[in-house]
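Rule-based calculations on the coordinates, nothing more; no lab input. Predicted model only: the values in this text are computed from it and were never measured.
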Amino acid sequence: MKNITVFLLALLISLPALAQKPKLPVSALSGITYNNICYAGSHTLYIVGDSGTLLKSVNGGGSFFKLNPQGSAELYSVSFINPDSGYIACSPNKIIYTADGGRHWADRSALVVTAAFSLCATGPNTVYAVGYQQNCLPPGATWPCGEIIKSIDAGISWTIDYWQGSMNTLYYVYFPSADTGYVVGENSTCMATNGSGWISYGFSPPSTIISVHSPHPGIAYAVSLDGIVVKTSNSGISWNNIPTGLPQKSLGSVWFTSDSTGYICGEAGSIMKTTDGGGSWTALNTGTDQWLLSITFSSPDTGFAVGTHETILRTTDAGLTWNNAIVGTAKEQDLSSKLTIYPVPSADNITVEFLSTISRGIITVSDVRGEDLIRQNISGNKALLNISSLPQGLYFVKLVSGDKVYTGKLIRE
C-alpha cells in the first residue's frame, strides 16, 4: 500500500467546504501519473494511477502489463493482502475489491466516508481506509472531518473506527502488524495498538504529513510536503524531526526495509537513503526529474518508485542504481501458466510439475499475506517440496524462470 497523488504545497486547499488532495504543479501534469505501488507477495506488484490506470507484474517487476481499465477515475491507493485479493481507493468516492488478481472488481464503497485517499489491508477480510467525511459536524459547520473507517468482511460493510472533529483530512494509513497502525494527515498523526482505539496527536509546526511507514510496531517514520522527516520511537506518542542534511525537497513517500535502512522520495526525481535510522542521508542517482509519489521494497535489495509521466523505477542493488521498468503489451496469460500440484490437500510433501523443462528457476510457497515461507532453486520439469513445517491453510506456489512465471495453489491439511 502506498501513496495518494503528489501534491503542490501552494495549493493544499482551494475551498474551505471541500477537502481535496493537494495538486501537482502544472509542469508535472504531462502524461499519466502513477500514484501508488503495492507489493502483494510472490513476485506480484500492482500500480494505480490517473484515468483508471492499473498495472500488474507477476515477475517481480521485470515487466508490467495493463489490466482492464477501471473507467476514467483517478486511482489513489492500492493494498493487497495476497497476490489475488486486494482493494483500490479511487474517485469519485469509491472503493473496489478483487479476489482474482484484478481480473474482476466489485464495488466496496463506504457511505460513511466522503472520500478515501489511502487503504491498508491487514488480514484476509480486514481493511482500513482513511480520508474525510464532509457531513460530520453540526449544521452550519463547513469544515470536513478526518475519518478512519474499517471493514472486517472484505469491504462489504464499513464502520467508522475514528473521526477527527476538525478540518484535518487524513491522507495515509499503514499497519506494521495486524494490531498496530499509524495514520497521518493535516497537522496530525494517529496511532492504534489493538486494531482500534485510535489516539490522535497534534503535529507542530503545522505540516501536511503525507506518508508513514513502520519497520516494526514501536518505530515509525513519516514525511511531509514541506520536506520534513520525522520519527517516533514510542509508538507515535512523540515525533522528532530528523534533518536529512540535503537540499530540502517536497516529499511524497517513505519506506524502511529495516530499523536502520530506509528511503524517502519526492520532487525532481529525488530519492534519499539512510542506513543509520535517519541519522544521516545520501542522495541517490535516479536518472529522472519526475515527481516520485510512492516507494516500496519487496526485499532489502529490490525496490520500486513510481510517479509522474508514467515513471516506474526499479533497483535490485538497494538503491545504488535505478532503471526504468518496462510496461509491455503482453497479458498475464502470456507470462503466467498454471503449475500442476499434487497431492492436494497434502500434509507433508508435494510434487510440483511444470509445462516444460527449465534450466534454472526459483520456486516459492507463500501464505495468504504474501510472505514467502519456502524458497528453493530448481531445474528440470518437476520439484519435490517438503511442506510439513507449514500450518494448516491455503498457500500460493510460484515458479519464476527468466520472464516466465508459473503459479498454483495448495492446501496444507
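Taking just the alpha carbons, could you work out the radius of gyration and Dmax for the stretch 333-412, both in angstroms?
Computed over the Cα atoms of the stretch 333-412, radius of gyration and Dmax are 11.7, 33 Å.
At 0.36 nm per residue, minus the direct Cα-Cα distance, what do S51 and H216 gain on full extension? Give it in nm, one decimal, please.
That works out to 55.9 nm of additional length.
Using Cα centres only, tell me the gap between the stretch 170-188 and the stretch 285-306 in whole Å.
After rounding, the separation between the Cα centres reads 21 Å.
With 20 Å bins from zero, work out the P(r) of the stretch 9-327 over every alpha carbon pair and list the percent per bin.
35, 61, 3
From the phi angles alone, apply the Karplus equation (6.51, -1.76, 1.60; θ = phi - 60°) to the stretch 70-84 and give each ³J(HN,Hα) in whole Hz, x where the residue is Gly or Pro.
With the stated coefficients, the stretch 70-84 comes to 9, x, 9, 5, 7, 9, 7, 8, 9, 9, 10, 8, 7, x, 9 Hz.
Considering the Cα trace of the stretch 240-318, what is its radius of gyration and what is Dmax, both in angstroms?
11.6, 34
If the limit is 23 Å between Cα atoms, which of K56/K404; K66/K398; K56/K398; K94/K404; K56/K231; K94/K398 go over it?
Over 23 Å apart, Cα to Cα: K94/K404; K56/K231; K94/K398.
Alpha carbon centre of the stretch 218-238 versus the stretch 335-413: separation in Å?
Rounded to whole Å, the Cα centres lie 39 Å apart.
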